[in-house]
Amino acid sequence: MTTATECLLRMYEDHHRLEDYHSGVPRWCNGCGDNAILAAVQRLCRDNDLAPERTVFVYGIGCSSRFPHYMKTYGFHGIHGRALPIAEGVKMARPELQVFVNTGDGDCCSIGAAHWVHAVRYNMNLTMLLHDNHVYGLTKKQASPTSPLGMKSNTTPRGAYLEALNPLTVTLGVQNVSFVAQAVDWIPELLYDIIAAAYRHKGFSFVRIIQRCPEFLPKMFDPWLHDPNRTLLLAHERGLKIGAGTAKLYKNQRQHDPSNIHAAREIASLEDPIPVGILYWNPAVPCYEDVRHAGELHTPGQVRKGLEAELDKYTVWPDAEAGEARAQPA
Amino acid sequence: MDIAPRLQEHVVFHLTGKRVGPGAEPVEGLHLRPALFARFGDLTRLRYDFPVVLVEPGADGEYARSLSEMLDAALKRIAPAGIAGERLRRNVLRQERQIRTLLREGAAGTLLELWDAAATPLASRGGEGAQEDLARARSALEADGRLLDCDGAMPAQLATHAWRTVHNAKTRRMRREIDALIVRLSDLVKADYLRSEAGRHAETLEAGFGGAHRALFDFQVMARLLAKPSGGSALSEARRRRIESALSALRAERFFAAEGAHAFLFEETRDAIAAYRKRLPEMAALVRAMTIADLEVQGRYVDAKHDALFEAWGADSLGPQDLARFPDYLVCRTSARARKGGAAARALLLKVLAGGAPIRIVVESGTLLEDSLAGEGGFSLGAQLATTAMGLNDVYVLQSAASNLYRARGQLLGAMQHPGTALINVYSGASTQAPAVGDPPPYLLAAAAHESRVFPAFCYDPGAGPDWAARFSLEHNSQPGADWPQHEFAWADGDLQRVTEKLQFTLADFAACDPRYARHFARVPREGWNDKMVTVADWLAQPSNGVPETVPCIPTLDAENRLHRLIVDEKLLHAARVCREAWRRLQELDSLKRARAAATQPAAAPAAAAPTAAQGPAPAAAAPAAAEPAAAERKAGNPYIETERCSSCNECTNLNSAMFAYNENKQAYIANPDAGTFRELVEAAESCQVAVIHPGKPRNPTEPELDELIKRAEPFQ
């Protein structure tokens, strides 16, 4: 941007209000944690003055994936588990757009697991919010990969047979991981701070939001709701800064440097207390769209030149003598 | 062996410059050089900074490298240590000497060209393996470029190369930006065309198809189908015109174009300024086009707000940041041209320097010791252009003799990158008249001027900090703390015994390098040497009262390295005094840096202690303040919600949207405590997921089942 443009734009800036990002009344159940996430994301858009026409929410299938219907920005409702490849395509084609991905524990960790692993590797500048409510909610209570052992559901009437998958350790185990954080929907100020940090990070930001399902698992997180000491806050000057009010209530805190991946992996394995904060943050990992950027402009002339050069390699020149090379057209 | 009359002759010569006896002989034709330049007799046999290779800047940002450094780096990479690599090293060093000789004889070209020219005789003459050694070394050279020896043209060429490095980088950046804008605007125009009537016409659609499959489609039907959803062109007439005019302005610009760009190199300051003024409207038009393009591409152009702004756009709308993106101008004024221009040119120069336009001016000083206006035959140090320019405060000033220019290449690059005006004052040591055979090499004269403080190196960078301490630097002068640099000089006397003395390199030594000042010296024959002949530095140090009892002398060497002692006359000594004063003023400016450094050291410790003490009480004060209003609320028994902890789950707002409302952060608060019943408050508190609702005391005592409700509300108070 030229400096004159900057001045002009700043002069005529219209600031968006929270309501500018509202689009319809959410149809989630009362008490659903998705409401908290929606409020936090709308606040983020307002506080950073994100232009609605330059913001995209890409999502898959599930309760979580109702999210972008309630955001007045661009969105793309993809098929089950394929939110990430679509988001990556959007980012490659239009790198200047802000791309968010909303996915759930089924959409991401079950059917979309393959894309998830490679999205972490690609490290494209996206913000991914995993709405983890530990159940397939939209289809009315089936066990998901993150459901705890022994949880009874329609598909596991005798209780789930397998230990729950830990999305944090899986993400931290993939090469090129650059940002991993965990939030819980009942501490909204930290939820907002974590989502804001994820937005600011230039790279693939993975935020797992532990969310309550008041309809199918209403009591599951009661112990954590009633005992603040079962939540472990990760504070650090390079990570999350805890406000005075929150610190008074949630006294169980630990200083954790987000650049320490080994400590991050250790913390990620904790089930109880639940760690909340930024586990890992490495701003130096290159983004795929930057690495792939050839530095040349993709003009139609360039594309035509490239195609013609390739196809000319296979052209047969019938009037050339055997062994004689015919000059290629320039 | 009578000392006294001899001393008289010496003193007379010193005071008047006239040789009146056999004790003072002329020095013309002896090709003498100062004693401290003993090793500099033949520059081709010496390894020093020059010649310099002008390279394309790589990752390290270096735009010029000394040949000796490059060869040393190459040898370090390919030659094994110890005796095994000796042959290779010797051959490469011989090659280096040969290249220097070729340059001295007037050859020119790039490093590889001169390498090949030098290698042919060496390969045939040198022993076995010379050819393959040289080939190996050649392939180990990291870069290629034009080779510059330290001659009259070198400063201008080095400065031009530095300027070009900065210019190319700037042009590449801007070119990319402009191309990106052109592509996006063309896309807009094209998309609009495709949606318009003309674009959806059957013929246009057919023309857009490849050859083989046209027959498969009915383009009339296709055009009809497309007519319905398209809805016509998206661009209004005004917008289309604006985009097209911005596009044509961007395509036709001549500042960063690959071909047909404006020239930015000039030989005269007035030409550069005239060109700059003439192009200001063009620059304004380009910035306007780029700004409009930027706004259009982002879809943020609003006619009502922006039209008026762009109507009134002119050359005065350009800010300093806009100007900084355009290329700078370089003016190289040789000393011959400067002399022709005279006083008027110099006045224009100062005016331009004060003006602040982005111009870099390289001025070569020709004669350093000019004839003084006061009295016949005396010297003055000239108009001191660089020191005058420093007084203008915003000008980047670099003064350096050519011999030091390689060391000062970082500062030279800094001059090219400085956003305002820059003045580079160089002394090349080359003769301003046609070169003659007996002339000293320019490198020696320049080095002498540098060492003797006649042309000291200094740099004033206005961008380096807020005050003189940060901006001024004397770093490249030898022994900047002393009046003159002092070195040890060792020679063998008649009995072949080693004698050492400490010598200071003064203005008199500089004058001894140049045959033009020969008449100011008188040679004392060996028999006449006595202890009344002292060094110039000592002579200047002693108080001058009455008839002098000693005479100032300098030791010099001739072509066979024999020592001669020369008496220096009063005119040169007066000039040396003036030169020393000027140098001391510069030293004073430089000492501000040291004073600042000394002053800040002890103060740092107490300053660090103070903030931590201040931080302690503050957070403690904040927390109780936050707790107080909450405590007050609770005491009053009013219902309240801890709004910051609300998770926006809609439970309470769906229960009673008059009593519970969302604030601008979509977090709940009690909008109207009387808009609902106590029962609703308790139910909301019970269903609140994060238990942040506190029902308080019932406000309506007539509400039914109040006791039960109060008991239920207990855990939430």
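The values are calculated or read from the model by the stated rules, or taken from the named source; none is laboratory data. Just so it is clear, the structure is predicted and the values come from calculations on it, not from any experiment. Positions of Cβ are backbone-derived with ideal geometry, glycine not excepted, and every protein chain shown enters the neighbour counts.
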Requested in this report: Please find, within the stretch B:275-317, the residue that is farthest from residue B:169 (Cα to Cα) out of those that are at the interface with chain A (Cβ under 8 Å from one of its Cβ atoms) and in a loop (DSSP other than H, G, I, E, B).
Outcome: B:302
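Residue by residue, here is whether (1) among the hydroxyl-bearing types (Ser, Thr, Tyr); (2) in a loop (DSSP other than H, G, I, E, B); (3) in contact (Cβ under 8 Å) with a residue 40 or more places away in the chain holds:
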site	(1), (2), (3)
A:31	no, yes, yes
A:36	no, no, yes
A:40	no, no, yes
A:44	no, no, yes
A:50	no, yes, yes
A:67	no, no, yes
A:79	no, yes, no
A:89	no, no, no
**Report entry** Residues that are within 14 Å of chain B (Cβ to nearest Cβ), over 23 Å from the mean Cα position of the chain (by Cα) and surrounded by 14 or more Cβ atoms within 10 Å (Cβ to Cβ), drawn from the stretch A:229-246
**Finding:** A:245, A:246
Query raised in the report: Which condition breaks for residue B:228 when tested against (1) loosely packed, with under 12 Cβ neighbours inside 10 Å; (2) touching a Leu at 6+ places or on another chain (Cβ under 8 Å)?
Result: (2)
Report task. Would you check if residue A:148 is at pLDDT 95 or above and under 30 Å from residue A:179 (Cβ atoms)? Result -> no
Query raised in the report: If you go through the stretch A:285-299 one residue at a time, how many are away from every other protein chain (no Cβ under 14 Å) and either of a type in the set (Asp, Glu) or touching a residue at least 12 places away in the same chain (Cβ under 8 Å) (or both)?
Result: 7
Requested in this report: Would you check if there is a residue in the stretch A:190-199 being in a loop (DSSP other than H, G, I, E, B), out of contact with any Leu (no Cβ under 6 Å at 6 or more places or on another chain) and at pLDDT 90 or above?
Outcome: no
Report summary line: Of (1) under 27 Å from residue B:594 (Cβ atoms); (2) in contact (Cβ under 8 Å) with a residue 24 or more places away in the chain; (3) of a type outside the set (Asp, Glu); (4) in a strand (DSSP E or B), residue B:450 satisfies every one except (4)
Report summary line: The correct count of residues that are out of contact with any Phe, Trp or Tyr (no Cβ under 8 Å at 6 or more places or on another chain) and within 12 Å of another protein chain (Cβ to nearest Cβ) in the stretch A:188-218 is 11
Query raised in the report: Picking from B:54, B:102, B:88, which residue would you name as being within 30 Å of residue B:157 (Cβ to Cβ) and touching a residue at least 40 places away in the same chain (Cβ under 8 Å)?
Result: B:54
Query - Check on residue B:439, under 21 Å from residue B:560 (Cβ atoms) and not in a helix (DSSP H, G or I) - result: yes
Query - One residue from B:266, B:256 being buried (at least 19 other Cβ atoms within 10 Å of the Cβ) and within 30 Å of residue A:96 (Cβ to Cβ) - result: B:256
Query - Test: residue A:302 is surrounded by fewer than 13 Cβ atoms within 10 Å (Cβ to Cβ), without any contact (Cβ under 8 Å) to a residue 24 or more places away in the chain and of a type in the set (S, T, N, Q) - result: no
Query raised in the report: Among the residues of the stretch B:353-409, how many are at pLDDT 85 or above and over 22 Å from residue B:269 (Cβ atoms)?
Result: 7
Requested in this report: Filter the stretch B:661-698 down to residues that are in contact (Cβ under 8 Å) with a residue 40 or more places away in the chain, buried (at least 16 other Cβ atoms within 10 Å of the Cβ) and more than 10 Å from every other protein chain (Cβ to nearest Cβ), then give me how many there are.
Outcome: 5
Query raised in the report: Out of B:191, B:180, B:215, B:223, which single residue is surrounded by 11 or more Cβ atoms within 10 Å (Cβ to Cβ), in a helix (DSSP H, G or I) and away from chain A (no Cβ under 14 Å)?
Result: B:223
Query - Residue among A:55, A:127, A:103 that is buried (at least 23 other Cβ atoms within 10 Å of the Cβ), within 30 Å of residue A:297 (Cβ to Cβ) and either in contact with a Lys or Arg (Cβ under 7 Å, 6 or more places away or on another chain) or assigned by TED's automatic domain parsing to the domain that holds residue A:215 (or both) - result: A:127
Query raised in the report: Which one of B:658, B:631 is more than 9 Å from every other protein chain (Cβ to nearest Cβ), modelled with pLDDT of 90 or more and either assigned to a loop (DSSP other than H, G, I, E, B) or farther than 30 Å from residue A:21 by Cβ (or both)?
Result: B:658
Report summary line: The condition of being within 30 Å of residue B:177 (Cβ to Cβ), buried (at least 16 other Cβ atoms within 10 Å of the Cβ) and acidic (Asp, Glu) holds, among A:296, A:289, A:310, only for A:289
**Report entry** Index of the failed condition, residue A:162 passing every other in (1) surrounded by fewer than 24 Cβ atoms within 10 Å (Cβ to Cβ); (2) in contact (Cβ under 8 Å) with a residue 40 or more places away in the chain
**Finding:** (2)
Query raised in the report: For the stretch B:225-277, how many residues are within 24 Å of residue B:293 (Cβ to Cβ) and of a type in the set (Ser, Thr, Tyr)?
Result: 4
Query raised in the report: Restricting the search to the stretch B:466-484, which residues are small (Gly, Ala, Ser) and in contact with a strand residue (DSSP E or B) (Cβ under 9 Å, 6 or more places away or on another chain)?
Result: B:473, B:478, B:482
Report task. Looking at (1) under 22 Å from residue A:136 (Cβ atoms); (2) at pLDDT below 90; (3) more than 13 Å from chain B (Cβ to nearest Cβ); (4) assigned to a loop (DSSP other than H, G, I, E, B), find the lone condition where residue A:61 falls short. Result -> (2)
Query raised in the report: Going through the stretch B:26-58 one residue at a time, which ones are acidic (Asp, Glu), over 19 Å from residue B:98 (Cα atoms) and crowded, with 17+ Cβ neighbours inside 10 Å?
Result: none
Report task. Select, from A:256, A:262, the only residue that is more than 12 Å from chain B (Cβ to nearest Cβ), surrounded by 19 or more Cβ atoms within 10 Å (Cβ to Cβ) and free of Cβ contacts under 8 Å to residues at least 24 places away in the same chain. Result -> A:256
Query raised in the report: Would you pick out the residues in the stretch A:171-187 that are crowded, with 18+ Cβ neighbours inside 10 Å and either away from chain B (no Cβ under 14 Å) or in a loop (DSSP other than H, G, I, E, B) (or both)?
Result: A:171, A:172, A:177, A:178, A:179, A:180, A:181, A:182, A:185, A:186, A:187
